[in-house]
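A.B. asks: Pasting a structure here, questions to come.
No value in this document is a laboratory result; all are computed from the given coordinates. Values in this document were obtained by computation on a predicted structure and should not be read as measured data. Don't worry about glycine lacking a Cβ; one is built from the backbone with ideal geometry, like all the others, and counts go over all protein chains shown.
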Amino acid sequence: MQVEQVLPEAGVPVLHNGPGKRLEYRINFWSEQAKELYGKKIYRVAVSLNTPCPNRTHGGCNFCLQDSFAPEFRGIPIGEQLRLSIAKIAKNAPEEHGFIAYFQDETIGASDYSTLDKAIKEALSIPKVLGIIVSTRPDHCDDDFLRIIKKHNAYLELGMQTIHPQSLLFLNRNHTHEHTVDALQRIDKHGLKTGVHLIIGIPGESIGDMLETIQFVNRNSVITDVKFHNLVAFENTPISRLNNHLPDIDEYIETLLVLLPQLTNRVTISRLFTSNILKSEIALNITGEKKVWLNKLLKRIYETGVFQGGKNLV
Ligand code: SF4
């Protein structure tokens, strides 16, 4: 069996190697790290705490599709949500597996903290739930919130999106880059680590601007994971009514090929594309499903010889 060798530049650690062509030989995926850590395949199971995002009172982010998270879960106890989802996944999961409860709905840092505390406890009491991930906005990441995260040994995700103020304004995020810097410092002070969400393809951002965001990630050791999102204009969202050019999937993949070599492979990547576009959804700049996009990316990665951290800027 032929083994493909990935040869990074001197000083850059080799990622996983093995037979055939696989994205995980070129990209440091969170899912692979989790498998190594827990000794089994790990699924993230999204749960809803039913906390409205505070940015909705300011119109919400212009790309946000509130119902993209399963609305049928809202108001259902966390334990029940997990039992329902886990039963569905377990039916088709061939290998030994475990679950991470993923509190990602809306802005979890804006929730009532004692409700959050109880919900995390409930999640951890469900068999096979091995850990917790909680996502929040940079302006909803205070010390009391972080104490709960630490108490449960949970992992954080921060909706940073970009370092550029004009892009945060364009997206109607209603937080600043200073909020992100402040949140990262506070997370560090509590001895925690975090992932960051990044949006690629924001109108007005050049490749150079995106690389500056990547450099920011490289420089901040408190950031240990990146979740990439391609900007999608779902029908009836504010961004779909603007005339800006948004990258289609091919343009997005070509941008990833430029950014990935510059992103340190010290960080894992937990997502490369936004979710599948569901049958009930219409997105103006994108169609199709993740499996097809990942195959396109795989093909282009091997054609171009790209791997994460191949040309780390820092
Ligand atoms: S912060 Fe998140 S949940 Fe809130 S409006 Fe923006 S994308 Fe939607």
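A.B. asks: Name the residue farthest towards the positive end of the dipole of segment 40-192 from the options V181, A119, H97, assuming +1 on Cβ of Lys and Arg, -1 on Cβ of Asp and Glu, about the Cα centre.
C.D. replies: H97
A.B. asks: Here is a follow-up. Among D225, D105, D248, which one shows the highest mean-square fluctuation when the chain is modelled as a Gaussian network with alpha-carbon springs under 10 Å?
C.D. replies: So, out of D225, D105, D248, the one fluctuating most is D248.
A.B. asks: Could you let me know the centre-to-centre spacing of segment 26-72 and segment 168-189, using Cα atoms, in angstrom?
C.D. replies: Taking the Cα centre of segment 168-189 as reference, the centre of segment 26-72 is 19 Å away.
A.B. asks: C141: net charge of surrounding residues, Cβ under 11 Å, Lys/Arg +1, Asp/Glu -1, itself excluded?
C.D. replies: Taking every other residue near C141 into account, the sum is -4.
A.B. asks: Using only the Cα atoms of the chain, build the gyration tensor, take square roots of its eigenvalues as a ≥ b ≥ c, and label the shape rounded, prolate or oblate: rounded if a/c is under 1.5, else prolate if a/b is larger than b/c, else oblate.
C.D. replies: It comes out rounded by the Cα gyration axes.
A.B. asks: Something else now. Straight-line reach from K311: which lysines have Cα under 26 Å away, leaving out those fewer than 8 places along the same chain?
C.D. replies: K21, K193, K227, K296, K299
A.B. asks: Hey, which aspartates and glutamates would be in cross-link range of K118, C-alpha to C-alpha under 16 Å, not counting anything within fewer than 8 residues on its own chain?
C.D. replies: Result set, ordered by chain and number: E80, D144.
A.B. asks: Putting +1 on Lys and Arg Cβ atoms and -1 on Asp and Glu Cβ atoms, find which of N153, T51, Y38 reaches farthest to the positive end of the dipole of the chain.
C.D. replies: Result: Y38.
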